[in-house]
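These notes concern the structure reproduced below.
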Amino acid sequence: MAIVIKTQEEIERMRVAGRLAAEVLDFIAPHVRPGVTTGELDRLCHDYMVHHQGTIPAPLDYAPPGYRPFPKSICTSVNHQVCHGIPGDRVLKNGDIVNIDITVIKDDYHGDTSRMFYVGEPSLAARRLCEVTYECMWAGIAQVGPGSFLGDIGHAIQTHAEKHGFSVVREFCGHGIGRRFHEEPQVLHYGKAGTLDRLAAGMIFTIEPMINAGRREIRELADGWTIVTKDHSLSAQWEHTVLVTEAGFEVMTVSALMPPPARTARADGRRTVAA
Ligand code: MF3
Ligand code: CO
Ligand code: CO
């Protein structure tokens, strides 16, 4: 199926879903502390989504082809876990880094965003990985505009990650999003500038680089979901949902704690407005 171009009405609904997803992360931030379990973070987010926001947690029972249903409402991926970590009895301890990935459904539309959180005081190396991964996400976002190529996004992310001696996970990518959680296009976080699909105003997709401190190879745990680095090196990820606009891009998953940079310079020197 081709890449969906959203109508103004769909874009307005995606703005609402995106903002709500980001607000779940704002809500959970103060709870991410040494001693809390990932299961407790899941319970708190679930209640906030269902009872406070009136949103549906998209991960709960999500079962793409070849997967068993995901058993929880959020993903929590700690230290060498790359993505899709299942919340449970694990107690977060001082020095951990954890990605929390939230996807809500509101009025049939999905908003998808994730951030890294520090538990207490992680090592300088761990914080550096999280910071560079954040910069990678923004380097990708800064490429977005009508006429750019999907490959421009991957190239910008890979270049920034490798400049710092880190590696890009290849097996998972960003994705179109709307009525469906995962739709076309696939947004690779590595690649060559000027390749793959051209972007057009009205497309909406996520950019969600997974960056490893060590080698890029991953493996899946026996739970059928959790992805970890093969070499046990730390991994980080950030995710925003992004709309292609006539001027460039609009980030749909901004919030009070994660505001858009007012103006972002595109690689080609044009200026674009972020949300
Ligand atoms: N939120 C993830 C993404 O960014 C997908 C999680 S699927 C789940 O695409 F079932 F694990 F929740
Ligand atoms: Co996503
Ligand atoms: Co996500």
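Taken together, the values in this text are just the output of simple stated rules run on the coordinates, not laboratory data. None of these values were measured; they are calculated from a predicted model. Ideal geometry is used to build each Cβ from the backbone, glycine not excepted, and the neighbour counts take in all protein chains shown.
Things worth noting here:
- Kyte-Doolittle mean at least -1.0, axial Cα span of 15 Å or more - DSSP H helices of the chain: 8-28, 124-141, 150-163
- Over 25 Å between alpha carbons, listed pairs K93/K230; K6/K163; K6/K72: K6/K163; K6/K72
- Per-pair calculated FRET efficiency, R0 = 25 Å: F181 and D107 via Cβ, rounded to 0.05: 0.95
- Pair E131, A63: separation of 7 Å Cα→Cβ label points (nm): 4.5 nm
- Charge sum, other residues only, whose C-beta stays under 11 Å from E217's C-beta, Lys/Arg counted +1 and Asp/Glu -1: +3
- Total formal charge among the other residues, if their Cβ is under 13 angstrom from that of L150, Lys/Arg +1 and Asp/Glu -1: -1
- Rounded to the nearest angstrom and listed largest first, the equivalent-ellipsoid semi-axes of the chain from its Cα gyration tensor are 27, 22, 17.
- Calculated from backbone phi, Karplus (6.51, -1.76, 1.60) coupling profile of segment 229-246 in Hz, x at Gly/Pro: 6, 5, 8, 6, 6, 5, 9, 10, 8, 10, 9, 10, 9, 10, 9, 7, 10, 4
- Total formal charge among the other residues, if their Cβ is under 11 angstrom from that of W238, Lys/Arg +1 and Asp/Glu -1: -4
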